[in-house]
Each structure stands twice: as C-alpha cells, then as structure tokens.
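Written below as structure tokens is the structure these notes are about.
The values are calculated or read from the model by the stated rules, or taken from the named source; none is laboratory data. Since this is a predicted model, take the numbers as computed values, not measurements. Methodologically, a virtual Cβ is constructed for each residue, glycine included, from the backbone with ideal geometry; neighbour enumeration extends over all protein chains shown.
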Amino acid sequence: MAKFDNNFVDELRMRLSIVDIVGRRVPLVKKGQNYWGCCPFHNEKTPSFSVAEEKGFYHCFGCGAHGDIISFVMNTEHLEYPAAIRELADMAGMKMPEYKPKSPARQKMEDSYFEIIENATKLYQQLLFEPAGADALNYVRGRGFTDDMIKKYRIGYAPKNNIITNKFSNLNQSNLLATGLVRRGEYGMYDFFRHKLMFPIFDAHGKVVAFSGRSLDGSEPKYINTTDTELFHKRQTIFGFNFARDEIYKKNRSIVVEGQIDAIQMQMHGFGETVAPLGTALTEDHIAILCKSNRNIIFCFDGDNAGQKAAARAASIVLPFVRDNSDVRFAFVVGGKDPDEVLKTGGVAAMHKIIDDATPLIDFLWNWTNQNFLVSTPGGRTQAEKFLDTELKKITDKKLQYEIEQEYKKREFQQWRSWKKTDAPKIKLPDTDLVTKNTLVYIVNNFPDIASQYADFLSSLNISFDVDAPDLGWDARAAEKFIVSLKLQRYRAALEQELKIKMQGMINGENYTNEELGDIKKKINDVNQRLEKLLYME
Ligand SMILES: [Zn+2]
C-alpha cells in the first residue's frame, strides 16, 4: 500500500467536509449535533447512520460501520486507499503529491532545520535583554508587553550585524540557507532579519517554525516574515493558534485580527481565542484550520475602506465553510485604531462591545452590496444581484443557500423596490450615471443661471463636482432642454416603477382599483408626449 505524506492526508481531511462527501450518496438530515441517514452499508428503512461533521467520522448504530471520508469513499466506491485519496484530492482541488519516502537525508534536514530555528529563537530572546536590544525592548514594553508576555511568546531581537551567519558558520551551508534565516548575496552570506523585533511563529504544537520581524527604525515594510521554506508555509500557518487552540474549543468560537501584536494583546486580555493570519492575506487554509474546532468566527477589521475590502474578501473565503449552525460575524474597529489601541484606551469593555456588536455575515454581505453597487438604478441592482448570486453559490449546503437567497430576495423587494404611497408626490430621484453626470457638471459650470433655476432638481441628484466634463459646445437653450428632458425621464421611470409594484401587489392579493392603475398609465402617457414635443422644439 502506497503511503502518502501525512500532511497531505490531513489537509485533505481538513478541506473536505464529511457531510458533503457522505451527502453525495446518502440523503442526510441534521438532528442535534449530528447528521442522520439510512446506512449505505446495510439495508434499513429508518436512519441509524450518523455523521459527526466536526469530528469527521460516520458511525452506523445498526451494523457498526465506522470510519472517515477516506474509508467512506473506499467502501462505497470499492476503491483501494491510493485511488480513494486521488478521488478526494480531485474533489478538494488539490494536486497529488509525488510519493516520496522520507529519506535519511530529508530526516536529517528536518532535524537540523528545527534545531537551528530553536537555537536562533533562544539567541534572539537573550539579545533582547542585552544592550544591543535596548531599542527593541523599549519598543515592546511601550506597546504594553510585560516580561511574562515577552517570555511566553518568546519575543526576541535580531541585531544589526549578521549574528546568525557568524554564530552558525560551522554548520552545513545548505541547511542554514534552508531555514530562511540566512541568504546568499553577492558578497557572501548575510542575515535575513537585521535590527528587527522578532516574533517566533509556532506550529500548532508550539514548535517554532519561522519568524516575523518588525522594523524598529520606521522602515517599510513594517513586518517581514520568513519566506516560505520546505517546512513552513505562510498560507497554512496562523499566528497564535498554538496558544488559542484550547480557548477556541472552550469558547466555541475564534476571533481573527489583522496583526500579531493585536493577537497577542487580545489573548492576554481575555480573548484567548484570537489569532492572526501572517501578512495581510487570509487564505482558505487559515479558515480550514479554524473550522477544525468549530465554524464560529468573528473577523475583526479596521473600519476604513481597506478594512471593508479585506472583510469582503474574508466573507468570500469563509462562505464555503458556512453551515446551518455557523455563526460568522464581522467586527469593525473605527477611528483608525487597531484592537491593541482599543484595549489600551478603552479597556477590555470597549473591545467586548466591538466584538458583541459584530455584524452577522448575511447582513455584512448585504450592507457591502448596498455600499458598492448603485442599487438605485436598474443596472446597479443587476450588478448587485449578480454579485450576491455568485457569492451565495459558494455555500455548499444547498438548503442554507436557498434560505439566504430568499432572505435577500425579500430585502431586495422591500428596500430596493419599495414605493410607499405617502411618498408618491415627492419623487426621490436615482443617482445619475456618469455620462449624465458629466453633462450636468458641464451645464452647471457653463450656465450658472440655468443651474440656479433648476437648483432643486440638481441638488436632488447628489452630483459632486470633481468630474472633468467634456466640452459639449451647447448653448443655454440646449442645456435647459437637456435638464428638462432628464427630469421627465426620471419622473417617467418612477411612475413605471410605481406601476410595476402595484401590479405585483395585485398579483399578491393587494387591492388597487383599475382607476388607480389607469391614473398612473395616463401620467406616463403625458410624460411621453411632453418628451416628444421637447425633442422637436426649436
Ligand atoms: Zn449500517
């Protein structure tokens, strides 16, 4: 039997949900913690076959069949182990690794890697408390780190000189280079981290696998991380996870913040379930790691535009992992602060409030859509609906997908297309599209008299004046004609909308008289006639 790299098989288990895999063959229904269906391994009419999603196992109380995704595929499709792995890898979109038994040389390389990294960690820790590390120590204490915290997170200092290159000069060069701590340049070897505050990056078991170095002299980038090595993959490592794992399980949720210092401060202030991705980009591997414990995640981002964008990205990545019992939320820290500063200025209570006020995923996506598409226009609404469709398709539970879709349909109808009777005389005009906006800006700039005459209409359009308007070479009459035609067109669009909604209402059993509908149709006709006249007016 061929063997596969354990990491690969683990990742396969992590990426694929047993409910999805079993669900392809056996209709499952959720009851309590588990999913239930009729056992595919013995004949039965009442379900005694259970699937525990978080644990990744199935168990039949009728015939005792028991196993994970791999044995399920082997037994239901009558495949050998390697073929089952291959099929699952296909489903997960993962490339099969070439089968390579760990050679003695490879084992040696791994041993040396961890030994060098461990020794470097100790060296950096020691240097932080020596005179060379004074700046770094001041900085980290200034950020509110106690000596206990410095010790727990094994924070250190990489000095300005090539300390690793020199101290480890007796080691095999390729082993040293493999750690990413040292590089080969034009003038020989040099240290990758110099004059940096050093945060060790731990694997899930607490072993240091890499480093993240913070610049101390204001140079950019603020953080540099060990580049991916054979034993360290940024995409698959979450900062703080080794410390947070138990808490994530106990509190039944995880919190994801943007930076390492934030993660440490959160962990030290009662939010032990906090982690941070390395660098800015969150990956599906990060989510998969968190989802091994549970699928309740609070993302905490900066409240600015970049933070909103990052949150939208996170939403898109997390959607395939969402289940009917998931609680995924988005918290925003406003005022240009990060969680570390909130904890310092407002204390734990302020941070609790931000976390407790977090917006549920479904509302976040809705708000984001409303802010990023011009939903007051038919084109904008179309784009918005397409966006939501694409996002919702990522949800693997089709029933849940349908339920959320229905919720959005309801909101689209109530919020985007609502036309209240009492508002009828006062028409709220939709935003102008860019061509019209350019034209209007041209008119406002060139014909101030006309602009003031139609000031009410123009201000209702919310035009900003930062647009370069093309020279249309118009005279005042043409400009006025344009404004009037635009007013009429918008009035007509509003009437058509009202008509549509009332007709829809009649289908749904609301009572409108034919007279009411006829009245709107008559108004639309009037507008059409006026528009035509305008067109031929000299
Ligand atoms: Zn059975």
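Here is a yes/no grid of residues against (1) in contact (Cβ under 8 Å) with a residue 12 or more places away in the chain; (2) surrounded by fewer than 14 Cβ atoms within 10 Å (Cβ to Cβ); (3) not assigned by TED's automatic domain parsing to the domain that holds residue 298:
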{"site": "342", "(1), (2), (3)": "yes, no, no"}
{"site": "350", "(1), (2), (3)": "no, no, no"}
{"site": "354", "(1), (2), (3)": "yes, no, no"}
{"site": "360", "(1), (2), (3)": "yes, yes, no"}
{"site": "386", "(1), (2), (3)": "no, yes, yes"}
{"site": "400", "(1), (2), (3)": "yes, no, yes"}
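Scanning segment 245-280 for residues that are β-branched (Val, Ile, Thr) and touching a Ser or Thr at 6+ places or on another chain (Cβ under 9 Å) gives 248, 255, 256, 257, 264, 274, 275.
Output yes when any residue across segment 90-99 is farther than 22 Å from residue 292 by Cα and either charged (D, E, K, R) or at pLDDT 90 or above (or both), and no when none is. Scanning segment 90-99, I find at least one residue that is farther than 22 Å from residue 292 by Cα and either charged (D, E, K, R) or at pLDDT 90 or above (or both), so the answer is yes.
The residues listed here are 235, 245; of these, the one that is in a helix (DSSP H, G or I) and surrounded by fewer than 18 Cβ atoms within 10 Å (Cβ to Cβ) is 235. Listed by position, the helices (runs of 4 or more DSSP H) inside segment 91-182 whose residues that are under 36 Å from the mean Cα position of the chain (by Cα) number at least 2 are 104-128, 134-142, 147-152, 173-178.
When residue 126 is tested against the conditions (1) free of Cβ contacts under 8 Å to residues at least 24 places away in the same chain; (2) under 30 Å from residue 228 (Cα atoms); (3) of a type in the set (S, T, N, Q), the lone failure is (1). For segment 346-385, which residues satisfy the criterion of being of a type in the set (D, E, K, R) and either on the phi > 0 side of the Ramachandran plot or part of a helix (DSSP H, G or I) (or both)? Within segment 346-385, 353, 356, 363, 381, 385 qualify. Quick check on segment 10-25. Is at least one of its residues part of a loop (DSSP other than H, G, I, E, B), hydroxyl-bearing (Ser, Thr, Tyr) and within 15 Å of the ligand (Cβ to nearest atom)? No: zero hits. Taking first residues from segment 147-175 that are closer than 12 Å to residue 124 by Cα and partners that are among the hydroxyl-bearing types (Ser, Thr, Tyr) and assigned to a loop (DSSP other than H, G, I, E, B), the Cβ contacts under 9 Å between residues at least 6 apart in sequence or on separate chains come to 164/179. Could you check how many residues of segment 51-69 are buried (at least 20 other Cβ atoms within 10 Å of the Cβ) and either within 33 Å of the chain's Cα centre (by Cα) or closer than 14 Å to residue 16 by Cβ (or both)? Counting residues in segment 51-69 that are buried (at least 20 other Cβ atoms within 10 Å of the Cβ) and either within 33 Å of the chain's Cα centre (by Cα) or closer than 14 Å to residue 16 by Cβ (or both) gives 4. The set of residues in segment 241-262 being modelled with pLDDT of 95 or more and of a type in the set (Gly, Ala, Ser) consists of 254 alone. Exactly one residue out of 466, 433, 449 is at pLDDT 80 or above, assigned by TED's automatic domain parsing to the domain that holds residue 501 and surrounded by fewer than 17 Cβ atoms within 10 Å (Cβ to Cβ), and it is 449. Residues of segment 160-211 that are of a type in the set (Asp, Glu) and closer than 21 Å to residue 231 by Cα: 191, 203. If only residues of segment 198-211 that are at pLDDT 90 or above and touching a helix residue (DSSP H, G or I) at 6+ places or on another chain (Cβ under 6 Å) are counted, the one that is surrounded by the fewest Cβ atoms within 10 Å (Cβ to Cβ) is 208.
Selection of first residues in segment 435-452 that are hydroxyl-bearing (Ser, Thr, Tyr) and of second residues that are not in a helix (DSSP H, G or I), restricted to Cβ pairs under 7 Å at least 6 apart or on distinct chains, gives the following pairs, ordered by first then second residue: 439/472; 442/469; 442/470; 442/472.
When segment 214-232 is limited to residues that are of a type outside the set (D, E, K, R) and within 25 Å of the chain's Cα centre (by Cα), the one that is farthest from residue 277 (Cα to Cα) turns out to be 221. Of all residues assigned to segment 278-288, at least one qualifies as being buried (at least 21 other Cβ atoms within 10 Å of the Cβ), β-branched (Val, Ile, Thr) and within 16 Å of residue 328 (Cβ to Cβ).
Within segment 299-310, being among the hydrophobic types (A, V, I, L, M, F, W, C) and out of contact with any helix residue (DSSP H, G or I) (no Cβ under 7 Å at 6 or more places or on another chain) holds for 306, 310. Applying the set (1) without any contact (Cβ under 8 Å) to a residue 12 or more places away in the chain; (2) touching a Phe, Trp or Tyr at 6+ places or on another chain (Cβ under 8 Å) to residue 204 leaves exactly one unmet item: (1). The listed residues are 87, 53, 80, and the only one of them that is touching a residue at least 12 places away in the same chain (Cβ under 8 Å), under 17 Å from residue 323 (Cα atoms) and away from the ligand (no atom under 12 Å from the Cβ) turns out to be 53.
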